[in-house]
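Colleague: My structure is below; once you've seen it, I'll send some questions.
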Amino acid sequence: MHQQLIIEKISGILEATDNTYEVQLTSLLDSAKRIFIAGAGRSRLVGNFFAMRLVHGGYDVSVVGEIVTPSIKAGDLLIIISGSGETEQLIAFTKSARKVGANIVLISAKGDSTIGDMADAVFQVGRAEQYGKVRGMPMGTVFELSTLIFLEAIISHIIHDKGIPEEVMRERHANLE
């Protein structure tokens with residue numbers, strides 16, 4: 001019962017998401033010198049999944065907040081993952097990136113937000129009204145799971161669009177595990 005509830009909810013969110021996003025986001029990724037990904041809490045974990053897959057795809061990616069993350073510069077792309085688009089720390093990151101001339105993308109449940117207003121592009125996963133309380137999926141679960149699958153679909157698009165063989169991706173996978 002609960003598996004079906006989750007599958008149906010996420011399917012509805014993804015069906016309501018603009019299907020041109022994969023081409024748009026891939027173009028932004030391809031035109032960036034380097035890619036930085038930021039999120040807070042579980043959205044950060046979703047960002048970590050995406051960052052790893054982008055590295056497998058051959059992109060130069062850093063996760064904001066890691067000790068080895070370099071400084072962001074003009075020509076770089078900052079991807080913010082925030083359900084609300086209002087997380088204070090992420091607003092600060094956005095302002096800093098804007099100041100140096102980096103491009104900014106927000107992936108959110110609410111495109112109309114503080115970060116959304118500062119972003120060069122907003123990719124809204126689903127429609128805002130789909131994110132009310134959902135029994136059995138508390139505290140942002142709907143956004144995080146929907147975004148995880150949305151971003152995996154972006155990776156799938158990149159792999160197919162560029163013809164990246166799994167063997168090449170495996171060569172890029174961490175081998176100090």
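The values are calculated or read from the model by the stated rules, or taken from the named source; none is laboratory data. Just so it is clear, the structure is predicted and the values come from calculations on it, not from any experiment. Glycine gets a Cβ as well: all are built from the backbone with ideal geometry, and neighbour counts include every protein chain shown.
Colleague: Can you name the residue in the stretch 63-88 that is polar (S, T, N, Q) and under 20 Å from residue 141 (Cα atoms) and, of all such residues, is surrounded by the most Cβ atoms within 10 Å (Cβ to Cβ)?
Modeller: Taking the candidates together, the pick is 82.
Colleague: Residue by residue through the stretch 139-164, note down the ones that are hydrophobic (A, V, I, L, M, F, W, C) and in a helix (DSSP H, G or I).
Modeller: Those that are hydrophobic (A, V, I, L, M, F, W, C) and in a helix (DSSP H, G or I): 142, 143, 145, 148, 149, 150, 151, 153, 154, 155, 158, 159.
Colleague: What do you reckon, is residue 107 crowded, with 23+ Cβ neighbours inside 10 Å, in contact with a Gly (Cβ under 8 Å, 6 or more places away or on another chain) and either at pLDDT 95 or above or over 15 Å from residue 22 (Cβ atoms) (or both)?
Modeller: no
Every residue, every condition in (1) closer than 24 Å to residue 128 by Cα; (2) in a helix (DSSP H, G or I), yes or no:
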{"residue": "4", "(1), (2)": "yes, yes"}
{"residue": "9", "(1), (2)": "yes, yes"}
{"residue": "44", "(1), (2)": "yes, yes"}
{"residue": "51", "(1), (2)": "no, yes"}
{"residue": "62", "(1), (2)": "no, no"}
{"residue": "94", "(1), (2)": "yes, yes"}
{"residue": "107", "(1), (2)": "yes, no"}
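Colleague: Still on this structure, please answer the following. Can we say residue 58 is part of a loop (DSSP other than H, G, I, E, B) and under 17 Å from residue 154 (Cα atoms)?
Modeller: Yes, satisfied.
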